[in-house]
């Protein structure tokens, strides 16, 4: 079963819980928020899922987007109408970066049928499908959060994997090299990690590349049978996109949820540049 769904298939899906996960890093600087984009227009029946509040714990020692507790995530998903036996479809603007975090978190906490709208809201509108500004409170769901549905890495495990397997850094190349760091206090990467920016997982339309293309990309970076693979980014959001792309390629991978923002909380952890 593919973790992706097309706009046409979603429109015909029948009983499905749809979550709008649009997100803007620029919101703190006065730019539009995901909630404001949702209010301007969204897929009919979709509920707005706040990445910061619903898909992560508050920032702190665990990083900028640490894993939420099972209790808080369960309550958030029930409020948004998520049910155990019903498919959940998640979407963002186009490239599925934020939607992939929702996909991964739901899968981690035990929901077995989660699909990402390939191409996001852009694909929906380009298909000529209806959009609404009406907000309806979905009936309360019955989802029960059971951690452990997806593999995760601790900081120590990520550092070891960079030496013994393949640890992919999903950030832009200039951040990986340590040339710029617009968010975190120290620039650079986990020593031994291999750069694999998530932007290369999708085409100009925001849709994922074919499974064959993704597999070729990741095998070229060192993924092969018998090699353990993991991914990290700045705060565990774009790295979830990397894990999704790896799944499409048929390559299982673990997520270092705290990622670089957590790595830096311990000043004794090494930092590489270049």
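For the chain, the relative contact order works out to 22 percent when only alpha carbon pairs closer than 8 Å and six or more residues apart are counted. Remark: relative contact order (the range 50-170) = 28 percent; criterion is Cα-Cα distance under 8 angstrom and separation of 6 or more residues. Using the average count of surrounding beta-carbon atoms within 10 Å as a protection proxy, the listed peptides 99-111, 51-63, 163-175 rank, highest first, as 99-111, 163-175, 51-63.
Using a Gaussian network model of the chain in which every pair of alpha carbons under 10 angstrom is joined by a spring, one finds that among 264, 221, 255 the greatest mean-square fluctuation is at 221.
In a fully extended conformation the segment linking residue 273 and residue 174 would gain 34.7 nm over its present Cα-Cα distance, using 0.36 nm per residue.
Can you tell me the FRET efficiency between residue 86 and residue 221 if r is taken as the Cβ-Cβ distance and R0 is 41 Å, rounded to the nearest 0.05? Working from the Cβ atoms, E equals 0.65. Looking at the chain, the DSSP beta bridges with both ends there are about 15 percent antiparallel.
How high is the relative contact order of the range 155-263, given as a whole-number percent (alpha carbon pairs under 8 Å, six or more residues apart)? Once normalised by length, the contact order is 30 percent. If you take the Cα centroid of the range 98-151 and the Cα centroid of the range 230-274, the two points sit 22 Å apart.
Kindly list the residues of the range 30-56 that lie in the label zone of residue 137, defined by a backbone N under 15 Å from the point 7 Å along the Cα-to-C-beta vector. It comes to 47-48, nothing else. Using only Cα atoms, tell me the angle between helix 238-248 and the longest principal axis of the chain; keep it within 0 to 90° and round to the nearest 10. Rounded to the nearest ten degrees, it is 80. A protection proxy built from the mean count of other Cβ atoms within 10 Å ranks the segments 184-196, 123-135, most packed first, as 184-196, 123-135.
With respect to the chain, whose longest principal axis is taken over its alpha-carbon atoms, helix 97-108 is tilted by about 90°.
In the range 4-126, the DSSP beta bridges split such that about 10 percent are antiparallel, to the nearest 5. Between residue 2 and residue 53, the simple label model (points 7 Å from Cα in the Cβ direction) yields a spacing of 3.4 nm. Estimated at 0.36 nm per residue, the fully extended path between residue 146 and residue 69 surpasses their Cα-Cα distance by 26.7 nm. Largest GNM mean-square fluctuation across 64, 207, 146, computed for the chain with C-alpha springs under 10 Å, falls on 146.
Taking Cα atoms only, the orientation of helix 70-79 departs from the longest principal axis of the chain by about 30 degrees. Taking each DSSP H run with n ≥ 4 as -39500 (n - 2.57) and averaging over every residue of the chain yields -8500 deg cm²/dmol at 222 nm. Spin-label pair residue 126-residue 195: with each label point 7 Å from Cα along the Cα-Cβ axis, the two points sit 2.8 nm from one another.
Any read-out appearing in this document is the output of simple, stated calculations on the displayed coordinates, not a laboratory observation. Because the structure is predicted, anything quoted here is derived from the model rather than measured. With ideal geometry, Cβ positions are generated from the backbone for all residues, glycine too; neighbour counts draw on all protein chains shown.
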